[in-house]
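Have a look at the structure below before the remarks.
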Amino acid sequence: MAIIELILFLVRRLLGRHPSNVFDFAGKSRRPPPKVPVGAHAKLAPPKFTPPKRTLDTLAKRLGYSTDALRAMRPAYTEFHKQKRGGGVRVLFAPDANTKGVQRRILALVLNASRSHPAAYGYERGRGTVDHANVHAGQAVVIGIDIRDFFPSTDAAWVREYFIAVGWDAKAADVLTKLTTHDGSLPQGAPTSPKLSNLVNHLLDARLQALAKAFGARYSRYADDITFSLAHDDQRLVKNLVNLTSSVLFDCGYQMHMKKKLFVRRKHQRQQICGLVVNNGPPRVSRETKRMLRAVEHRLAKGKKATLTREQVAGWRGYIAMVEGRAGGGERK
């Protein structure tokens, strides 16, 4: 008990009282910084050389537009709704052709050059669901936490803050923010939103990674799905880890689903991450899924109606082959 109390004390000190001083991030804490008395930095060493900010002209040349054309752009979206499998509606925004065109150029020529936190596995080249699941393979306890309204909750002000932090001047940051956000947040459906959601949340990932380390846990995030795992089953430790994660999310501007999408699964239960089973070894597709595919193939072979088309079955077979080929090779934290 004494060890657990010490861990909780240290974690609260690190993650609660002084979050902006703990992690080095190319950006600012989303809480206002403390006021510093005049002269408080008088004895500090002179600041290091700061390279000049990249300008709007630099951005225009990189994207292949004129400066005036970038200023004049007014992104347009079509809103549509999609039913979620678990109930509810997801609001999506489809950019028009001109908006999508410039967003794809921003993604390729501006965003993809930046690295996300190593614990972010969604929307990253060379990473995927298998790598995310493999971080937690063979653990005693797997904890799944879902961020509520992830894209709509990612504020446009944080996006602008990110662009300023990585070296764009105010005018360029304003234009980049205008072209990649909608109604004050990241639009789900824009090509730039997935990568930006990772870049903007480098601080969130760093804090949750440190929280996991303090608890002796593993951590990874796939979009709005946060996963922790522990080598030893300690109910009190699990509860405190979930509660502190909720506090970190709140401090970073998010909320977690406390009921429907929060799960704690132990060895005697099916531990499933992004549809992959991670009990007792590398990630794998469940037996039920494989049996379902065999049944569908049997019906299709007899010329009967089935729940999947031949193309969909082929897609599933390709996915299973990929999972089995990559399982066990992902990085563990």
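The values are calculated or read from the model by the stated rules, or taken from the named source; none is laboratory data. Keep in mind that what you see is a predicted model, and the values were worked out from it rather than measured. Neighbour counts are summed over all protein chains in view; Cβ atoms, including those assigned to glycine, are modelled from backbone coordinates with ideal geometry. The accessibility values were calculated without ligands, DNA or RNA, using every heavy atom of the protein model including side chains. Shrake-Rupley method; radii C 1.70, N 1.55, O 1.52, S 1.80 Å.
Quick notes
- Cα-based convex hull, region 149-296, per residue volume (Å³, whole number): 152 Å³
- Cα-centred dipole magnitude for region 108-150, charges only on beta-carbon of K, R (+1) and D, E (-1), debye, nearest 20: 140 debye
- Looking at region 72-202, the DSSP beta bridges with both ends there are about 90 percent antiparallel.
- The label-point distance for M258 and E324, in a model that sets each label 7 Å from Cα toward Cβ, rounds to 4.4 nm.
- Evaluated with a Cβ-only charge set (Lys, Arg +1; Asp, Glu -1), region 191-310 carries a dipole of roughly 940 debye about its Cα centre, given to the nearest 20.
- In order through region 218-225: 3J(HN,Hα) via Karplus (6.51 cos²θ - 1.76 cosθ + 1.60), integer Hz, x for Gly, Pro: 9, 9, 7, 9, 10, 6, 9, 9
- Rounded to the nearest 20 debye, the dipole magnitude of region 49-118 is 280 debye, with +1 charges on Lys and Arg beta carbons, -1 on Asp and Glu beta carbons, and the Cα centre as origin.
- Rounded percent of accessible protein surface that carbon and sulfur make up, region 183-333, 1.4 Å probe: 50 percent
- Length added when fully stretched, K53-D233, from 0.36 nm per residue minus Cα-Cα: 59.8 nm
- Share of carbon and sulfur in the accessible heavy-atom surface of region 72-132 [1.4 Å probe, %]: 49 percent
- Under 16 Å from the S247 label point (7 Å along Cα→beta-carbon), backbone N, region 256-299: 256
- Trypsin sites (Lys or Arg not before Pro) restricted to DSSP loop in region 232-315 with at most 16 other C-beta within 10 Å: K259, K260, K261, K267, R270, K302, K304, K305
- Net length gained if the chain between A94 and D174 were fully extended (0.36 nm per residue, minus Cα distance): 26.6 nm
- Cα→Cβ-extended label distance, 7 Å offset, between A295 and Y65, nm: 5.1 nm
- At a probe radius of 1.4 angstrom, the accessible area of region 92-240 per residue rounds to 34 square angstrom.
- Relative frequency of Cα-Cα separations exceeding 14 Å in region 54-106, percent: 63 percent
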